[in-house]
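The values are calculated or read from the model by the stated rules, or taken from the named source; none is laboratory data. Note that the structure is a prediction, hence the values are computed from the model and not measured. Here the Cβ positions follow ideal geometry from the backbone for every residue, glycine too, while neighbour counts run over all protein chains shown.
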Amino acid sequence: MKENNLNAKTNKEAETTAQKFRSGYVSIIGKPNAGKSTLLNSILGQKVSIVTTKPQTTRNRIIGIKTLEDAQIVFMDTPGIHKNMHTKLDEIMMREARDAMREVDIILFMVEPKFPGEAEKEILDLITGGRKDKAPGKKKIFLVMNKVDTVRKSKLLPFIQAYSELFSFDEVVPVSALTGDGVDILLERIPEYLPEGPMYYPEDLVTDQLERFMVSEIIREKVMVATFEEVPHAVAVEVVRWDEPQGEGKKTQVRGLVRISADIWVERDSQKGIIIGKSGHMLKEIGQAARLEAEKLLNARVFLELYVKLKKDWRSDTKSISELGF
């Protein structure tokens, strides 16, 4: 009888624990260059989203998965929201950002430590539907003030107050995505607002992105860092060949040499010349930087071939955008 009671108690405790596990989706929304990708990488403790100083670096919706002891948080890093749309690609990116807002439990509205400008107000209206107060049953909205390491803490309160007058946020969390300050507090607050639910992904998984996509993004990042003016935003990268003895993505103790070929697409001949550089020096520099980071990602030696190709005005051509994976 005692054994039966003990088993019943154990089962009940296990059931209670299972019921308390929380899971859900969280979208990071903000202006271009607000630090959304840096925050996601900081939360996950590794790089899954490329980062540059140039706005509109993120083009696709990047999934990052943070599994805690009692919760699993699925983050969505989105393209920065802006109203100046010059190409079809801009329209697709804005649609990605808007879709991410509809599909989540919590929105992290990321801003810089400044008074809200027109751009921030427009994004907040888009997030809240123009409301100033929280509506019952609606998704939760956090104000995440990033880059707090760039100002004195005494200056933060007026900025936070100005945003709080625009909307009654569920939480206000100052952070520095770059240094990690405040990120632990954010991770403590998020699960409190998530519904009880299952673990959607294996606990050791940090992203759903395929290795091919991540390598193509690494290459694009290196191009963006190395080039200037109009070139970065006119670039797309397509991995066209991937050879390795054990097969792509297969987890083995020793991974063989991974041979990768990728095409770097640009819109104009002048951009092609800039990326290749004099005697091919710029392309060689880009390739070396991308190879070193790809080797860390894949935990393998990498042989990387890069080719620069022209696809005129591809960002405004629906077929080209689709072919390049957007």
Only listed residue being in a helix (DSSP H, G or I) and of a type outside the set (A, V, I, L, M), chosen from 198, 191: 191
Segment 138-159, residues that are closer than 14 Å to residue 107 by Cα and part of a loop (DSSP other than H, G, I, E, B): 138, 139
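Report yes if some residue within segment 309-317 is aromatic (Phe, Trp, Tyr) and closer than 21 Å to residue 214 by Cβ; otherwise report no. Talk me through it step by step, then tell me what you get.
Applying the first criterion (aromatic (Phe, Trp, Tyr)) to segment 309-317 yields 314.
Retained after the next criterion (residues that are closer than 21 Å to residue 214 by Cβ): none.
No, that holds for no residue.
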Residues of segment 274-294 classified as surrounded by 15 or more Cβ atoms within 10 Å (Cβ to Cβ) and under 26 Å from residue 245 (Cα atoms), total: 7
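Rundown of residues vs (1) farther than 15 Å from residue 218 by Cα; (2) small (Gly, Ala, Ser); (3) more than 26 Å from the chain's Cα centre (by Cα); (4) not in a loop (DSSP other than H, G, I, E, B), yes/no style:
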| position | (1), (2), (3), (4) |
| --- | --- |
| 259 | yes, no, yes, yes |
| 263 | no, no, no, yes |
| 279 | yes, yes, yes, yes |
| 286 | no, no, no, yes |
| 290 | no, yes, no, yes |
| 297 | no, no, no, yes |
| 315 | yes, no, no, yes |
| 319 | yes, no, no, yes |
Any hit, segment 107-120, residues being over 24 Å from the mean Cα position of the chain (by Cα), within 25 Å of residue 24 (Cβ to Cβ) and in a loop (DSSP other than H, G, I, E, B): no
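Each row is one residue, and each column tells you yes or no for (1) touching a helix residue (DSSP H, G or I) at 6+ places or on another chain (Cβ under 7 Å); (2) in the same structural domain as residue 67 (by TED's automatic domain parsing); (3) modelled with pLDDT under 90.
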position	(1), (2), (3)
234	yes, no, yes
238	yes, no, no
250	no, no, yes
262	yes, no, no
275	yes, no, no
285	yes, no, no
Residue in segment 217-228 that is in contact (Cβ under 8 Å) with a residue 24 or more places away in the chain, in the same structural domain as residue 124 (by TED's automatic domain parsing), surrounded by 15 or more Cβ atoms within 10 Å (Cβ to Cβ) and aliphatic (A, V, I, L, M) present: no
Test: residue in segment 195-207 that is in contact (Cβ under 8 Å) with a residue 24 or more places away in the chain, exposed (fewer than 14 other Cβ atoms within 10 Å of the Cβ), out of contact with any His (no Cβ under 6 Å at 6 or more places or on another chain) and among the polar types (S, T, N, Q): no
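Just a yes or no: is a residue in segment 65-78 modelled with pLDDT under 80 and part of a helix (DSSP H, G or I)? I'd like the intermediate steps shown before the answer.
To start, the set of residues in segment 65-78 that are modelled with pLDDT under 80 comprises 77-78.
Then drop every residue that is not part of a helix (DSSP H, G or I), which leaves none.
So far as segment 65-78 goes, no, none of its residues is modelled with pLDDT under 80 and part of a helix (DSSP H, G or I).
Go through 17, 58 for me and flag whichever is within 19 Å of residue 123 (Cα to Cα), modelled with pLDDT under 90 and either in contact with a strand residue (DSSP E or B) (Cβ under 9 Å, 6 or more places away or on another chain) or surrounded by fewer than 17 Cβ atoms within 10 Å (Cβ to Cβ) (or both). Spell out how you get there, then give the answer.
On the way: 17 fails: within 19 Å of residue 123 (Cα to Cα).
Exactly one of 17, 58 is within 19 Å of residue 123 (Cα to Cα), modelled with pLDDT under 90 and either in contact with a strand residue (DSSP E or B) (Cβ under 9 Å, 6 or more places away or on another chain) or surrounded by fewer than 17 Cβ atoms within 10 Å (Cβ to Cβ) (or both), namely 58.
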